[in-house]
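Structure record follows, encoded as structure tokens.
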Amino acid sequence: MSESASCIFCKIIRGEIPAVTIHEDAQTLTFMDVRPASPGHTLVISRAHTPNLLEIAEIDLLAVASTVQRVARAVQKALSPDGIRIGQFNGAAAGQTVLHYHVHIVPMREGQKAGAHGREPANSEQLKALAAQIRAALEG
Ligand code: 5GP
Ligand code: ZN
């Protein structure tokens, strides 16, 4: 079995498992993190199955960076956080759990503790409502 066959993010790209999608284009896909560090936590992934920053092709890296900026601006417009944390992990020792290149966009509030991602599942209706707000800001 190829790495991409068992990869959870490749399964999302192929539509084999559901995700609350925000945006898609030829090289990237953006969707809500199911176990968010804060409300509005969004993930931007490359369509290409590449494990991390060290191995990703520059063309895919730049495409993800461009989408991250667009989506971060939409998150700012939609949710008005006090700040936005951009995160990216390389290797299990660094905290990476899904070995498919992705960037976290985490809205932060003043005084909010840095929540750990990948822990508590989000309420699915709340996730969909936040996604609709971010999507509207992206399109507006
Ligand atoms: P990292 O690998 O950078 O530590 O984080 C992976 C992120 O992917 C975690 O925040 C986790 O909640 C998220 N995640 C893992 N599996 C799924 C999934 O099936 N769907 C979605 N939407 N997010 C996922
Ligand atoms: Zn993958």
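The values are calculated or read from the model by the stated rules, or taken from the named source; none is laboratory data. Keep in mind that this is a model prediction, so the values were computed, not measured. Here Cβ is always computed from backbone atoms with ideal geometry, including for glycine, and neighbour counts include all displayed protein chains. For accessibility, only protein heavy atoms count, side chains too; no ligands or nucleic acids. Shrake-Rupley method; radii C 1.70, N 1.55, O 1.52, S 1.80 Å.
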Requested in this report: For every helix of n ≥ 4 consecutive DSSP H residues, a contribution of -39,500 (n - 2.57) applies; sum these over the chain, divide by its total residues, and give [θ] at 222 nm rounded to the nearest 500 deg cm²/dmol.
Outcome: -10500 deg cm²/dmol
Query raised in the report: What are the extents of the Cα atoms of the chain along their three principal axes, listed from largest to smallest and rounded to whole Å?
Result: 42, 33, 28
Query raised in the report: Got the relative contact order for the chain handy, in percent, Cα pairs under 8 Å and 6 or more residues apart?
Result: 32
Report task. May I ask you to evaluate 6.51 cos²θ - 1.76 cosθ + 1.60, the Karplus curve with θ = phi - 60°, for each residue of the range 26-42 and list the ³J(HN,Hα) values in order in whole Hz, giving x for glycine and proline? Result -> 4, 10, 9, 9, 10, 8, 6, 6, 6, 10, x, 7, 7, x, x, 4, 10
Report task. Name the residues whose placed amide hydrogens come within less than 5 Å of the amide hydrogen of residue 48, ignoring near sequence neighbours (fewer than 5 apart) on the same chain. Result -> none
Query raised in the report: Among 59, 84, 12, whose mean-square fluctuation peaks in a Gaussian network model of the chain (Cα, cutoff 10 Å)?
Result: 59
Query raised in the report: Largest first, what is the accessible-area ranking of 11, 77, 113, 128 with a 1.4 Å probe?
Result: 113, 77, 128, 11
**Report entry** Given charges at beta-carbon only (K, R positive; D, E negative), |dipole| of the range 1-70 in Debye
**Finding:** 220
Requested in this report: Check cross-link reach from residue 128 to the lysines: straight Cα distance under 19 Å, and skip same-chain residues fewer than eight apart.
Outcome: 77
Report task. Only Lys, Arg, Asp and Glu count, each charged at its Cβ (+1, +1, -1, -1), so figure out the dipole size of the chain about its Cα centre, rounded to 20 debye. Result -> 320
